[in-house]
Every structure is written in structure tokens, then in C-alpha cells.
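The values are calculated or read from the model by the stated rules, or taken from the named source; none is laboratory data. This one's a predicted model, so the numbers in the text were calculated from it and none came from an experiment. As a convention, Cβ positions derive from the backbone with ideal geometry for all residues, glycine included, and neighbour counts pool all protein chains shown. Just so you know, the surface numbers come from the protein's heavy atoms only, side chains and all, with ligands and any DNA or RNA stripped out. Shrake-Rupley method; radii C 1.70, N 1.55, O 1.52, S 1.80 Å.
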Amino acid sequence: MAYLAKPSIKYKRSYLEGLKEFQDEGREAEYNYKEVKSDFENFVLKLNNQTKGIGLPEGWVPATHFWLIDKDEYIGNISIRHKLNDNLIRVGGHIGYSIRPSKRNMGYGITILKLSLPEVKKLGIDKALVTCDETNIGSKKIIEANGGILENIKEQGEGKPRKLRYWIKIS
């Protein structure tokens, strides 16, 4: 049974395997694999400090990070942003999630978003914005399966897919 866990050194091996998968497909490029691997404890600390707004990069808001774990294996990650800035309102939303490539199409996307909703509620958010690229049919289905109601579609600019903007009522 999959569950959400705070980032932890306990999952170092499988997290690094997942990070490698993401980077092989051109994602999670903001993380330097060699640096994360060599100082994993500090990497985990930085992620967990973002909940308190500590050490945030310019333009970022506080966010709580969770990893989806199944049988002690890292499956994916989800970030719950505590508030929205202009960019997040337009295209980012309250919630961002990723399932590592080798674990996609197994129901984990629906699970990670569903498990995050009680955590969103704990932050006092009663209506969460979740977005995805118009071309990401899997994510569209995940959001809709969790009660997402499409508000609109936003242009992102030349050569970029349009963003679907959904709202999920948190009960």
C-alpha cells in the first residue's frame, strides 16, 4: 500500500534511481545528480526546510514536499505550495507532482494526488489549483479523477504547450 512520507535519507537509493530516470527524460534538471548523491542528507534537509520558508530560491513560496513510497521504494514526489504567487496562479498551482517513468500507468498518479488532499486541507486551503500541460493526457486524467474542474486554458508562449488550469475543492 503506497503512502506519503517526508523526504528522508532512508529512501536514498531508490530516490536517486528515480532522479536518474527523470533526468534521462529531461526533467528534474534543477537538481545536480552528482551533488544530490554526494550530499543526500543536506538535499533532504533543504527540501524539508522549504516547508518553513527557509532557503527558498528567488520567486519561490513555502512548500511541503512528500515522496510517494510503496514497499520502501520511492515512486514519485509531490509539492504542496502554501500560497500562490503570480506565476503559480497563472501556470503552476498549489500542487505539483511527478511519478518516476518506470512507475507510470500503474495508478500511482491518482494515488499521490488523492493522498495529498488531506495535507492541503491542513494548510487551510479549501480549493486547490492544479495545472498540467494540455499535451499531458495522463496528468489530465489524474486531476479529473481527483475531482478537478477545468477553469480555463492558458497560453504559455511560443513553442510551449498550453496549460490546463483545474480547481479541486478540498472537503
Candidates 74, 11, 31, ranked by Gaussian network fluctuation over the chain, Cα under 10 Å, top entry: 31
Candidate aspartates and glutamates for bridging to residue 114, where Cα separation is under 16 Å - those fewer than 8 sequence places away on the same chain excluded: 70, 126, 144
What figure, in Å² to the nearest 10, do you get for the accessible area of residue 162 with a 1.4 Å probe and non-protein molecules left out? 80
Once the Cβ-Cβ distance between residue 42 and residue 145 is put in as r, and R0 is 30 Å, what FRET efficiency do you end up with, to the nearest 0.05? 0.25
Round to the nearest 10 and report in Å² the accessible area of residue 39, as given by a 1.4 Å probe over the protein chains' heavy atoms. 70
Taking the simple approach of a point 7 Å from Cα along Cα-to-Cβ for both residue 31 and residue 16, what is their distance in nm? 1.2
Pairs from 12/140; 10/121; 83/140; 140/160 whose Cα-Cα separation, in the structure shown, is over 19 Å: 12/140; 10/121; 83/140
How much accessible area per residue does the stretch 33-146 have, in Å², with a 1.4 Å probe? 52
Residue 24 paired with residue 156, simple spin-label distance in nm, labels 7 Å along Cα-to-beta-carbon: 2.3
Tally up the carbon and sulfur contribution to the accessible surface of the chain as a whole percent, 1.4 Å probe, everything protein left in place. 51
For residue 135 and residue 83, FRET efficiency with R0 = 25 Å and r from the beta-carbon atoms, rounded to 0.05? 0.35
